[in-house]
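Here the structure comes first, spelled out in structure tokens, and everything after it is commentary.
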Amino acid sequence: MKRSEAVLSLLGLALVMGVIPRSSALPWDEDMRNQPSIKPQESLVETNASSVPTKNKETIPTPKDIGELVLARLSAGELQNPVRATPKSLDLGKSLYEVHCQTCHGGQGRGDGPVGLKFAVAPMDLTMDYVQLQPDGQIFFTISHGSIAMPFYRDSIPEDDRWHVVNYIKHELGKK
């Protein structure tokens with residue numbers, strides 16, 4: 001080993017071991033240590049205006065078991081749809097349906113979507129009288145809280161948008 005390499009190695013070792021004070025280190029040596037540090041609890045997180053809220057104004061509490069689910073769905077029939085079935089509402093409902101529902105219920109709502117075909121029990125045919133004759137509130141409840149095999153969408157779709165999906169199911173899929 002050359003003498004210059006040996007001297008550099010010794011200086012490096014002395015610096016690492018603390019023999020040479022840190023003040024003699026290069027100026028950027030402390031950059032990582034002296035940077036601002038903010039803990040998750042120390043700052044307010046700004047949310048996007050279009051983000052889905054985790055707390056909303058649900059009028060019916062989440063059922064705890066299948067019995068409560070059935071009873072709550074029946075009582076949800078009293079909920080009035082606050083969103084009129086305008087062409088704008090139907091268009092929005094269709095786009096939301098395509099994103100959240102079509103993979104299981106299919107493009108025509110017949111329960112034959114590509115994912116739905118993989119289930120042992122096919123998803124509900126949304127064009128059947130059983131669905132079409134339900135009050136809007138019951139369909140809204142099913143979208144919000146799910147069913148026996150269907151997951152809930154209360155955290156994925158904002159409340160007003162769920163009513164647009166109800167309008168699409170009742171006014172567009174019901175025609176097919």
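Can you run phi through the Karplus equation (6.51, -1.76, 1.60; θ = phi - 60°) for the range 130-138 and list ³J(HN,Hα) in whole Hz, with x for Gly and Pro?
Listing the rounded values in order: 3, 7, 5, 8, 5, x, 3, x, 5 Hz.
Return the long-range amide H neighbours of residue 111 (sequence gap of 5 or more, or a different chain), with a cut-off of under 5 Å between placed amide H atoms.
Long-range HN contacts for residue 111: 106, 126.
What list do you get for 141, 119 if you sort them by fewest beta carbons within 10 Å?
Taking fewest neighbouring Cβ atoms as first place, the list is 119, 141.
Pairs of Cα atoms under 8 Å, at least six residues apart: use those to get the relative contact order of the range 66-175, whole percent.
It comes to 36 percent, rounded to a whole number.
Arranged by the count of other C-beta atoms within 10 angstrom, fewest first, what order do 110, 84 take?
Lowest count first: 84, 110.
Over 26 Å between Cα atoms, which of 88/118; 64/88; 88/175 qualify?
88/118; 64/88
Rule-based calculations on the coordinates, nothing more; no lab input. Just so it is clear, the structure is predicted and the values come from calculations on it, not from any experiment. Cβ atoms come from the backbone with ideal geometry, glycine included; neighbour counts cover every protein chain shown.
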